[in-house]
Amino acid sequence: MEKYIPILKQTQLFAGVKEEEILAMLDCLQAKCYSYKKGDYVLRQGEHLSYISILLEGSLHIQRDDYWGNRSIINIIGIGEMFGEAYVAPESTALMNDVVAIEDSKVIFLDVMKILTLCSTSCKFHSIVIQNLFFCISEKNRKLVQKLNHISKRSTREKLISYLSEEANRQNCATFFIPFNRQQLADFLSVDRSAMSNELCKMREEGLLIFKKNKFTLL
């Protein structure tokens, strides 16, 4: 667990907390670390959660399959990102999506009630973590609004332009990489893969962009 302290220090949840303070908190928060192989389910739809999770290694998808097997990718989780916080309230409903390892991964689980309840010493850094948790949830809500903005567009082209424009702005460069292959991007934007691929080719022919695999350049 100790070797992941530098990663935890870079997370939003532990921002402003020293490494030695994080190490002291892990026992208090009943931290547990688990490994997952590519394709393993980290969390399954229908589970009830009492832990907040942070990815330490690898990559995860939050996804959902309908009755006929059609898949939607809700979000991609990168190293240092938190997930599951929307379902840890005592009266919260069961998990609505699956969390799946896209590559071999390690995840740390933290008891949410231990986070929200100050210890007997009322240490300053525990208060900072509670404050950070609020800011993390606010940031997650902002990203959800951004995705809703993409998928609410009427056409496949409009959805692509919305998403790719945001990525270019976020990475502050006209040339950038996205974290999806073609099928994953189609699932993320809730469009048909063939229709999306055709639209990308049309946009390239019209001189709007060039691309190779997951590398894009907006022109």
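The values are calculated or read from the model by the stated rules, or taken from the named source; none is laboratory data. Predicted model only: the values in this text are computed from it and were never measured. Cβ coordinates were reconstructed from backbone atoms using ideal geometry, including for glycine residues, and neighbour counts include every protein chain displayed. All accessible areas refer to the heavy atoms of the entire protein, side chains included, with ligands and DNA or RNA removed. Shrake-Rupley method; radii C 1.70, N 1.55, O 1.52, S 1.80 Å.
When V99 is tested against (1) more than 20 Å from Q10 (Cα to Cα); (2) under 11 Å from the mean Cα position of the chain (by Cα); (3) of a type in the set (A, V, I, L, M); (4) open to solvent by 40 Å² or more (accessible area, probe 1.4 Å), exactly one condition is not met: (4). Can we say I130 is more than 29 Å from P179 (Cα to Cα) and open to solvent by less than 10 Å² (accessible area, probe 1.4 Å)? Answer is no for this residue.
Among the residues making up the range 75-96, those that are of a type in the set (A, V, I, L, M, F, W, C), open to solvent by 20 Å² or more (accessible area, probe 1.4 Å) and closer than 14 Å to L144 by Cβ are I76, A86, M96.
Identify the residue in the range 30-45 that is of a type outside the set (S, T, N, Q) and part of a strand (DSSP E or B) and, among all such residues, is most open to solvent (accessible area, probe 1.4 Å). Applying the filter and picking the extreme gives Y34. None of F180, F125, F176, F135 is under 30 Å from E20 (Cβ atoms) and modelled with pLDDT of 85 or more except F135. Figure legend. Inter-residue proximity from the range 202-214: first residues of a type in the set (S, T, N, Q), second residues modelled with pLDDT of 95 or more and loosely packed, with under 13 Cβ neighbours inside 10 Å, beta-carbon distance below 6 Å, spacing 6+ or different chains. Indicated pairs: N214/F177. Taking residues in the range 1-29 that are at positive phi and open to solvent by less than 10 Å² (accessible area, probe 1.4 Å), and partners anywhere that are modelled with pLDDT under 90 and not hydrophobic (A, V, I, L, M, F, W, C), not one pair has Cβ atoms closer than 8 Å while being at least 6 places apart or on different chains. Output the residues belonging to the range 80-96 that are in contact (Cβ under 8 Å) with a residue 60 or more places away in the chain and under 9 Å from the mean Cα position of the chain (by Cα). Hits for the range 80-96 are E81, M82.
Of all the helices (runs of 4 or more DSSP H) wholly in the range 150-219, which have at least 1 residues that are farther than 23 Å from S59 by Cα? Hits in the range 150-219: 156-171, 193-205. If you go through the range 10-46 and pick out every residue that is in contact with a Ser or Thr (Cβ under 6 Å, 6 or more places away or on another chain) and modelled with pLDDT under 95, you end up with 0. Would you check if there is a residue in the range 104-112 being in a helix (DSSP H, G or I) and either open to solvent by less than 30 Å² (accessible area, probe 1.4 Å) or over 30 Å from D192 (Cα atoms) (or both)? So far as the range 104-112 goes, yes, one or more of its residues are in a helix (DSSP H, G or I) and either open to solvent by less than 30 Å² (accessible area, probe 1.4 Å) or over 30 Å from D192 (Cα atoms) (or both).
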